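Contents: one structure, followed by commentary.
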Amino acid sequence: MRRLFGPFFILAGIMHFMIPGVYESIVPKYLPSRRALVYASGVAEIVGGAGLLNRRTRKLASWLNIATLVGVTPVHVEMALHPEDWDEVPGGRPALLARLPLQGLLIAWAWAAGR
């Protein structure tokens with residue numbers, strides 16, 4: 001399971017470049033340069049995921065991944081606080097609320113991947 005986080009995060013990062021509009025639409029409106037933030041988080045995910053694949057960079061990459069996950073948490077908090085803006089999300093408000101503890105599980109997985 002630990003070895004899957006790197007490829008998972010690389011794929012997630014690539015998606016930021018394939019469908020940037022989807023990601024940009026969930027970045028809170030109060031943040032500037034939303035498209036640039038999407039690309040920056042995509043790069044961070046690709047670099048962090050790739051870093052896990054090498055034993056020498058695994059610990060540093062794990063911390064980068066944790067920082068990235070913490071950094072994008074405001075997106076999920078904003079969505080949970082304003083579920084009326086996200087009618088298209090399957091599961092509605094319960095799904096948006098469930099995403100918050102999932103973020104914690106992803107952080108734990110990123111930490112475990114760096115061990």
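Over the chain, with the other protein chains present, what is the accessible area per residue in square angstrom, probe 1.4 angstrom? The partial results should precede the final answer.
Values: 6990 Å² over 115 residues.
The answer is 61 Å² per residue.
A DSSP coil position with no more than 13 other Cβ atoms inside 10 Å describes the following trypsin sites (Lys or Arg not before Pro) in segment 35-114: R55, R56.
Can you compute the charge dipole magnitude of the chain about its Cα centre, using +1 on each Lys and Arg Cβ and -1 on each Asp and Glu Cβ, nothing else charged? Give it in debye, rounded to the nearest 20.
In total the dipole reaches around 840 debye.
Rounded to a whole number, what % of the accessible area of the chain do carbon and sulfur atoms account for, probe 1.4 Å? The C+S portion of the solvent-accessible surface of the chain is 70 percent. Structural descriptor for the chain: relative contact order 30 percent, calculated from alpha carbon pairs under 8 angstrom and at least 6 residues apart.
Nearest 500 deg cm²/dmol is fine: what mean residue ellipticity at 222 nm does the chain get from its DSSP H runs of n ≥ 4 alone, each adding -39,500 (n - 2.57), divided by its residue count? Kindly include the intermediate steps, with their values, before the conclusion.
Numbers: 5 runs with 85 residues, N = 115.
About -25000 deg cm²/dmol.
Can you give me the Cα centroid spacing of segment 69-90 and segment 12-55 in angstrom? Measuring centre to centre over Cα atoms gives 16 Å.
Using the alpha carbon gyration tensor of segment 1-93, what are the three equivalent-ellipsoid semi-axes (square root of 5 times each eigenvalue), largest first, in whole Å? Could you put the intermediate results ahead of the total?
On the way: eigenvalues 136, 38, 29 Å².
Taking √(5λ) for each eigenvalue gives 26, 14, 12 Å, largest first.
In degrees between 0 and 90, to the nearest 10, how far off the longest principal axis of the chain does helix 92-113 point, with axes built from Cα atoms? So the inclination is approximately 10 degrees. Between L69, L96, L52, the GNM of the chain built on Cα springs shorter than 10 angstrom shows L96 fluctuating the most. What you get for segment 74-115, charging only the Cβ of Lys and Arg (+1) and of Asp and Glu (-1), is a dipole of about 380 debye around the Cα centre.
The values are calculated or read from the model by the stated rules, or taken from the named source; none is laboratory data. Small disclaimer: the values here were computed from a predicted structure and weren't measured. Don't worry about glycine lacking a Cβ; one is built from the backbone with ideal geometry, like all the others, and counts go over all protein chains shown. When the accessible area is computed, the model is the full protein with side chains, heavy atoms only, and any ligands, DNA or RNA have been set aside. Shrake-Rupley method; radii C 1.70, N 1.55, O 1.52, S 1.80 Å.
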